[in-house]
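The values are calculated or read from the model by the stated rules, or taken from the named source; none is laboratory data. It should be emphasised that the depicted structure is a prediction, and the values quoted were computed from it without experimental measurement. Because the Cβ atoms are built from the backbone with ideal geometry, glycine has one as well, and the counts that use them run over all protein chains shown. Calculation scope for accessible area: heavy atoms of the full protein, side chains included, ligands and nucleic acids excluded. Shrake-Rupley method; radii C 1.70, N 1.55, O 1.52, S 1.80 Å.
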Amino acid sequence: MIARQYSWFRGLNEARQAVILNILYIRPASLKEWAKYKPELIKALDAYQFREAARLMKYLKIAKQLKNRFNRLCSQFEKGEWLDVYKNFEVKI
């Protein structure tokens with residue numbers, strides 16, 4: 001569903017897709033909220049500006065509540081590489 005709704009998702013590697021899916025698992029309404037309240041985040045994702053998207057993810061409300069987890073997720077998203085803590089996380093689309 002996410003791949004059909006957001007074309008940028010298909011262009012992400014598996015480690016980055018896992019970050020988006022992880023965030024959606026925590027807060028299912030996230031993408032709708034991003035489109036409404038954080039259009040610059042969607043714009044960065046659409047342009048594959050990974051560093052900027054990771055920076056903007058840290059300003060999400062849920063990121064403030066789960067700071068350590070989001071620091072790890074944002075690092076993984078920016079680098080596009082699995083962090084050790086997430087290497088066994090399997091992406092199924």
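General observations
- Segment Ile62..Glu81, full-extension length gain: 4.6 nm, with 0.36 nm per residue of separation and the alpha-carbon distance subtracted.
- Taken over the range 9-48, the convex hull of the Cα atoms encloses 59 Å³ per residue.
- Cα-projected label distance for Met1 with Arg69, points at 7 Å along beta-carbon direction, nm: 1.9
- Using the Karplus relation 6.51 cos²θ - 1.76 cosθ + 1.60 with θ = phi - 60°, the per-residue 3J(HN,Hα) values for the range 73-80 come to 4, 5, 5, 5, 5, 5, 7, x Hz, with x marking Gly and Pro.
- Heavy-atom accessible surface of the range 1-70: percent carbon and sulfur, 1.4 Å: 51
- Take the chain with all the other protein chains still there, run a 1.4 Å probe, and you get 65 Å² of accessible area per residue.
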